[in-house]
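Note sheet for the following structure.
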C-alpha cells in the first residue's frame with residue numbers, strides 16, 4: 001500500500017504525480033502503518049486481524065475515490081485530455097494491496113486462534 005503511494009497516481013504529458021501529492025495518499029500511508037503496527041502489538045488475539053481489515057478497506061476506499069475523481073475530471077476534458085492524461089499504476093497498486101491487506105485481516109480473524117484458545121486446546125490434549 002505504501003509503495004503504491006510513492007508511485008504515479010496520475011500521468012499527464014509524461015509528468016506524473018504520486019499519491020503523496022494528495023491528501024488521499026497520506027491517508028493510505030496512515031491506514032497501512034496503523035493497521036500493521038496494531039496487528040503486531042495485538043497479534044496474540046484473534047481480533048487483531050480487524051486492524052489490517054479496517055486499514056485495507058480504508059485504503060481501497062481512498063483508491064476507488066481517487067480513481068473516480070480522475071475519471072470524472074477526464075470525462076469533461078475532451079479527446080486531447082483523454083489521449084494525454086491517465087490513471088497511474090501506483091493507484092492500481094494501492095487498490096490491489098489494500099484488498100490484499102483487508103483479505104489477510106479477514107483470514108486472520110477467521111483462522112488464527114487466540115492465545116487463550118490455544119492454551120485451552122493444549123490443556124485438553126492428553127499428556128504424552
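FYI, it's all coordinate maths here, none of it is from the lab. All values derive from a computational prediction rather than experimental measurement. All Cβ positions, glycine included, derive from the backbone under ideal geometry; neighbour counts span all protein chains shown.
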If each residue of separation counts as 0.36 nm, what is the full-extension length gain between residue 84 and residue 40 once their alpha-carbon separation is subtracted? 11.5 nm
Label residue 64 and residue 3 with points 7 Å out from Cα along Cα→Cβ: what is the distance between them in nm? 2.4
Cα-based Rg of the range 1-63 per 2.2 N^0.38 Å, rounded to two decimals? 1.30
Calculate, for residue 26 and residue 109, the FRET efficiency according to 1/(1 + (r/R0)^6) with r their C-beta to C-beta distance and R0 30 Å; round to the nearest 0.05. 0.65
